[in-house]
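J.: Following this message is one structure expressed as structure tokens.
The values are calculated or read from the model by the stated rules, or taken from the named source; none is laboratory data. It should be emphasised that the depicted structure is a prediction, and the values quoted were computed from it without experimental measurement. Cβ atoms come from the backbone with ideal geometry, glycine included; neighbour counts cover every protein chain shown.
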Amino acid sequence: MAALTARQQEILDFIRTTIREEGVPPTVREIARHFGIRSPRAVSDHLRALERKGKLKRGRGKARQLYPVGPSRSGGIPVLGRVAAGSPILAEENVDGFLECSGFSGTELFALRIRGESMIGVGMMDNDYVIVDRRGKVADGDIAVVRVGSEATVKRIRYRPKGLLLQPENPDMEPTLVSGDEDIEICGRVVGLVRRM
């Protein structure tokens, strides 16, 4: 594998630092501004070289899809979108960034960003990240991410004979009973919470 130039290494380090500190990769324009590069095309050339050298993966269709490849990513938990703590919001299976946080590890973990206030009673606030483990059984009373159709929400799960009761942790909100006939999936149990200050 070809060695990196000094500028390529600097750009790669900047992408890793931005993901660690902000939770999302920088845009091409942010990279250009940080390094005083006038042309975004010059940055794109460096990014293509990093891809060819196996140090970077780039997604398609979004501005913030730059993901370093290698050991420094191993502790990062992929952020797969956002999840409602209110009414469900689409949680697309596209990586929006990585959370690097101690105390969590495993390839079956993912993170989702909270939107809404239905879980404030258990300390889950708007813009927090929930860490979700897709392995294992979700017991009655656990807090979990549930997909209903193409949308996802985080709620306390109560099993009922004909479906699931999605219980909010906010006294101003009512639970929702989801019929077993609907397209529902329990995506995983919430095992942690990360708040950015």
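J.: Among the residues that make up the stretch 37-51, is at least one of them at pLDDT 85 or above, crowded, with 18+ Cβ neighbours inside 10 Å, touching a Phe, Trp or Tyr at 6+ places or on another chain (Cβ under 9 Å) and closer than 21 Å to Pro78 by Cα?
T.: No, that holds for no residue.
J.: Just checking, does the stretch 156-163 include any residue being surrounded by 19 or more Cβ atoms within 10 Å (Cβ to Cβ), touching a strand residue (DSSP E or B) at 6+ places or on another chain (Cβ under 9 Å) and at pLDDT 90 or above?
T.: Looking for residues that are surrounded by 19 or more Cβ atoms within 10 Å (Cβ to Cβ), touching a strand residue (DSSP E or B) at 6+ places or on another chain (Cβ under 9 Å) and at pLDDT 90 or above, one finds at least one in the stretch 156-163, hence yes.
J.: With respect to Arg147, determine if the residue is surrounded by fewer than 22 Cβ atoms within 10 Å (Cβ to Cβ), at pLDDT 90 or above and part of a strand (DSSP E or B).
T.: When the stated conditions are applied, Arg147 does not pass them.
J.: Does Arg158 meet the test of being of a type in the set (Lys, Arg) and out of contact with any Leu (no Cβ under 6 Å at 6 or more places or on another chain)?
T.: Here the answer is no, as Arg158 does not meet what is asked.
J.: Now for a different question. Out of the residues in the stretch 165-183 that are touching a Lys or Arg at 6+ places or on another chain (Cβ under 7 Å) and part of a strand (DSSP E or B), which is modelled with the lowest pLDDT?
T.: It comes out as Ser179.
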